[in-house]
C-alpha cells in the first residue's frame with residue numbers, strides 16, 4: 001500500500017478495529033480512511049464496489065473475514081469479476097484480491113471452518129491461492145495484488161495464532177501458479193496446501209519412507225510442471241487436502257497425473273481428504289476430522305510399502 | 001446527421017448533442033430492436049433477447065446527460081442504452097447474432113454488450129449486479145481525483161434485491177458520485193409490480209438512505225435529461241448519490257418467449273398513446289427543428305441504415321474457435337491486454 005497508491009482495502013471492521021484476527025491492524029493510521037475502508041455488513045455491496053473500483057483503475061483488496069461470508073456476494077466475484085476480461089475481449093480486467101480466513105481446527109463450528117476453495121476453482125477467470133505461513137502469505141499477496149485478474153487468497157485461520165520470525169523483503173514474490181518443494185524425497189510425492197503443509201512436513205519427518213513434500217500455493221492455475229516432474233521421479237502421489245473427498249483439488253491433480261504420468265506410477269495415486277461432511281464442532285471430533293501428522297504418515301507409509309491405496313479412517317470407523 | 005452513421009461509438013455519442021440526432025437515435029433503437037426480433041424469427045439469434053421498445057426516451061435522455069468517460073452499468077435489457085451511449089447498430093446486432101463484428105466479438109450475446117470507449121461496462125445478466133459495481137466505479141473516480149460519475153441503470157425488479165439496498169446504503173455513507181437510475185416499467189420479468197413491491201414509487205426508498213429520490217416521466221426524453229443533469233451535477237459536486245425513477249413501459253414481454261398475456265386489457269394501448277418517439281417528434285416540430293414530413297423521412301433513412309447494418313452483420317463470420325480460450329485470464333491465449341479505465 002505504501003508503494004502503490006491505487007491499492008485500497010475494504011471490509012468489515014478492518015480499519016478502526018484492525019480486523020477480528022488483527023490482520024489489518026495499524027493500516028488505518030498509516031493510509032487513512034479513504035484507503036482502508038470500514039464497510040457496513042454488506043458483502044454484496046463492497047465486493048461489487050471492489051469489482052467496479054478494480055475495473056476503473058484501483059487495486060482493491062477485499063477482506064472477507066470468514067470465507068463463508070462470501071456466499072452472499074458470490075455473484076460479484078464469480079459471475080461479474082471473473083467474466084469481465086472475457087466479455088470485453090481483454091479490454092477490461094479486475095485486478096482484485098479477495099483475502100479471507102479459511103479452514104478448520106479452532107472449534108468455530110461448521111459455518112466458520114470451511115476452505116471453500118472449490119467454489120472459486122470451479123470458476124474460469126479466477127485464480128486461487130492458499131498460504132501456509134508468514135513468508136508464503138507475503139509472497140503470494142504481493143503477487144496477487146500485482147496480478148491483473150481477480151485472485152482469491154485463502155489464509156488458514158488456524159495459523160493466525162502461530163508466530164514465526166520473517167524478515168520482510170519488499171521485492172519478494174511467489175509467482176502465482178508455482179508450487180514449492182518444501183522437502184525433497186524419493187519414495188512418494190506428498191502434495192498439500194495451507195495448514196496441511198506443516199502436517200505433511202511433520203508426517204514426512206516421522207515416516208520411514210523418504211517423502212517429497214510440495215506446497216501447492218496456487219490451486220488454480222496449479223503447477224503442472226513441478227508436480228509431474230516430482231511424480232515421475234518418486235513414482236507415487238499422495239494429496240493431502242483440507243477438503244471434502246467429493247470436492248477437493250486433489251481430484252483434478254490425481255486425474256491429470258493418472259492420465260499424463262501413468263507410466264511412471266508405481267502405485268495408484270492416493271487422496272487423503274476430509275470425509276464428505278460438515279466440520280464438527282466438538283474438539284474430539286474435529287481433531288479426528290482433520291488429518292493429523294500421525295494419520296498422514298501411516299497412510300503414506302502404507303502406500304509406499306504395499307503399493308496399494310489404504311482406506312480412509314471413516315470407512316473403518318462405522 | 002452523418003455522424004451517427006459513423007462507426008465510432010465516441011463520435012456517435014458526441015453527435016447526441018444535436019436535437020435531431022436525439023430523435024434519430026430513439027428511432028434507431030426502436031428499429032434495431034424490431035430487426036432483432038425479426039432476426040430471432042429468422043433463426044439468427046440464439047438464447048433469448050430482452051427488448052425495451054417503449055423505453056427509448058430513457059436511454060437517450062441518460063446518454064445525452066453524461067460524458068463518455070462516465071461509467072455506466074446496465075442490465076440485460078440494455079440494447080437501447082448501448083445504442084444511445086454510442087454503440088453502433090452493427091456492434092449491437094452483431095453481438096446478438098454471435099458474429100465477430102459484435103461489440104464483444106460474438107462471445108457475449110444479447111445480454112452482454114460492452115464498449116469501454118464510451119464507459120459501458122459489460123451489461124449484466126444478473127438482476128441488480130450493476131449497482132455495487134457502479135459504487136466501485138464512483139469510489140475509483142473519487143480516489144483518482146476526477147469528477148467522473150457512475151450511473152447504474154436497473155429495473156424495478158432490482159429494487160427488491162439486496163444489492164439495491166446495500167448499494168444505496170454504501171453509496172450514501174461514502175457520499176459516492178453515483179446516480180441510481182431505476183427504469184420502472186411496471187413488470188419484473190412476468191410479475192406486475194404490485195405483486196412484488198409494496199410501494200408504488202421506487203423513488204421513495206431513497207429516503208431510507210438519505211438521498212434525493214425523484215420521479216420522472218420516462219417517456220419524455222427532455223425530462224429524463226433534466227433530472228439526470230441535476231443528479232449528475234450533484235454527484236460531480238461531491239454531494240453524493242441520487243435515486244432517479246423513470247416511469248416507463250416496455251411494449252413487449254420480458255423476453256422473446258413471453259407474450260405478456262398477464263397485462264391488463266388496455267394498458268399497452270394507453271402507453272402507446274404516450275410513445276417517447278412521438279412525444280419528442282412533436283416537441284421538435286414545435287421547436288421548428290423538424291419540418292412537416294421530417295419524421296417519416298427520418299424513419300425511412302434509419303430503417304435503411306439498420307438494414308445495411310444487418311446485412312453487414314450477416315456477412316460477418318462467427319468467431320474462431322481460439323476465441324473460446326483467448327481472454328479467460330492473464331495466462332490465457334489473449335495475454336494481458338487490459339485497458340484500465342481512468343488509469344491516466
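Summary of computed values
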| quantity | calculated |
| --- | --- |
| Filtered residue count, the stretch B:207-261, keeping only those that are free of Cβ contacts under 8 Å to residues at least 60 places away in the same chain and touching a helix residue (DSSP H, G or I) at 6+ places or on another chain (Cβ under 7 Å) | 9 |
| Qualifying position, being outside any loop (DSSP other than H, G, I, E, B), within 25 Å of residue B:258 (Cβ to Cβ) and within 18 Å of the chain's Cα centre (by Cα), among B:51, B:83 | B:83 |
| Counted residues, the stretch B:108-140 - those being surrounded by fewer than 24 Cβ atoms within 10 Å (Cβ to Cβ), outside any helix (DSSP H, G or I) and more than 7 Å from every other protein chain (Cβ to nearest Cβ) | 4 |
| Filter result for the condition that a residue is free of Cβ contacts under 8 Å to residues at least 40 places away in the same chain, within 14 Å of another protein chain (Cβ to nearest Cβ) and either under 30 Å from residue B:96 (Cβ atoms) or touching a strand residue (DSSP E or B) at 6+ places or on another chain (Cβ under 6 Å) (or both), over A:51, A:62, A:55 | A:55 |
| Meets criteria (surrounded by 13 or more Cβ atoms within 10 Å (Cβ to Cβ), in contact (Cβ under 8 Å) with a residue 60 or more places away in the chain and part of a helix (DSSP H, G or I)) for residue A:232 | no |
| Those residues of the stretch A:124-145 which are in a loop (DSSP other than H, G, I, E, B), at negative phi and either within 14 Å of another protein chain (Cβ to nearest Cβ) or at pLDDT below 95 (or both), in sequence order | A:124, A:126 |
| Answer from A:114, A:76 - the residue that is at the interface with chain B (Cβ under 8 Å from one of its Cβ atoms) and under 23 Å from residue A:128 (Cβ atoms) | A:76 |
| For residue A:15: the one exception among (1) within 10 Å of chain B (Cβ to nearest Cβ); (2) crowded, with 20+ Cβ neighbours inside 10 Å; (3) outside any strand (DSSP E or B); (4) free of Cβ contacts under 8 Å to residues at least 40 places away in the same chain | (1) |
| Top-ranked residue of the stretch A:1-12 - restricted to ones that are part of a loop (DSSP other than H, G, I, E, B) and buried (at least 19 other Cβ atoms within 10 Å of the Cβ), ranked as nearest to the chain's Cα centre (by Cα) | A:12 |
| The one condition in (1) within 14 Å of chain B (Cβ to nearest Cβ); (2) part of a loop (DSSP other than H, G, I, E, B); (3) free of Cβ contacts under 8 Å to residues at least 12 places away in the same chain that residue A:148 fails to fulfil | (3) |
| Strands (runs of 3 or more DSSP E) contained entirely in the stretch A:151-226, each with at least 2 residues that are within 15 Å of the chain's Cα centre (by Cα) | A:151-156, A:188-192, A:211-215, A:218-220 |
| Residue in the stretch B:179-191 that is touching a residue at least 12 places away in the same chain (Cβ under 8 Å) and over 22 Å from the mean Cα position of the chain (by Cα) present | no |
| Selection count, the stretch A:268-294, where residues are buried (at least 17 other Cβ atoms within 10 Å of the Cβ) and touching a strand residue (DSSP E or B) at 6+ places or on another chain (Cβ under 8 Å) | 9 |
| In the stretch A:40-60, the residues that are more than 24 Å from residue B:327 (Cβ to Cβ) and surrounded by fewer than 24 Cβ atoms within 10 Å (Cβ to Cβ) | A:40, A:41, A:42 |
| Residue in the stretch B:55-77 that is closer than 25 Å to residue B:318 by Cα, within 12 Å of the chain's Cα centre (by Cα) and assigned to a loop (DSSP other than H, G, I, E, B) present | yes |
| Complete set of residues in the stretch A:249-305 that are in a loop (DSSP other than H, G, I, E, B), within 17 Å of residue A:196 (Cα to Cα) and free of Cβ contacts under 8 Å to residues at least 40 places away in the same chain | A:275 |
| Test: residue in the stretch B:147-156 that is surrounded by 24 or more Cβ atoms within 10 Å (Cβ to Cβ), facing another protein chain (nearest Cβ under 8 Å) and touching a strand residue (DSSP E or B) at 6+ places or on another chain (Cβ under 8 Å) | yes |
| The stretch A:103-118, residues that are outside any loop (DSSP other than H, G, I, E, B), crowded, with 18+ Cβ neighbours inside 10 Å and touching a helix residue (DSSP H, G or I) at 6+ places or on another chain (Cβ under 7 Å) | A:112 |
| Condition check for residue A:90: at pLDDT below 95 and at the interface with another protein chain (Cβ under 9 Å from one of its Cβ atoms) | yes |
| Helices (runs of 4 or more DSSP H) enclosed by the stretch B:268-344 - at least 1 residues per element that are surrounded by fewer than 18 Cβ atoms within 10 Å (Cβ to Cβ) and away from chain A (no Cβ under 14 Å) | B:276-286, B:294-315 |
| Count of the stretch A:26-59 residues which are part of a loop (DSSP other than H, G, I, E, B) and either closer than 17 Å to residue B:176 by Cβ or modelled with pLDDT of 95 or more (or both) | 11 |
| Condition broken by residue A:82, with the remaining ones in (1) more than 13 Å from chain B (Cβ to nearest Cβ); (2) out of contact with any strand residue (DSSP E or B) (no Cβ under 9 Å at 6 or more places or on another chain); (3) in contact (Cβ under 8 Å) with a residue 60 or more places away in the chain satisfied | (1) |
| Output for the stretch A:161-211, where each listed residue is closer than 18 Å to residue A:117 by Cβ and either touching a strand residue (DSSP E or B) at 6+ places or on another chain (Cβ under 6 Å) or exposed (fewer than 15 other Cβ atoms within 10 Å of the Cβ) (or both) | A:176, A:177, A:179, A:180, A:191, A:192, A:193, A:194, A:195, A:196, A:197, A:200 |
| Residue B:171, sole failed condition from (1) at the interface with chain A (Cβ under 8 Å from one of its Cβ atoms); (2) touching a strand residue (DSSP E or B) at 6+ places or on another chain (Cβ under 8 Å) | (1) |
| Residues located in the stretch B:275-292, provided they are without any contact (Cβ under 8 Å) to a residue 60 or more places away in the chain and closer than 18 Å to residue B:80 by Cα | B:278 |
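The values are calculated or read from the model by the stated rules, or taken from the named source; none is laboratory data. Keep in mind that what you see is a predicted model, and the values were worked out from it rather than measured. Positions of Cβ are generated from backbone atoms using ideal geometry, with glycine treated the same way; all protein chains shown enter the neighbour counts.
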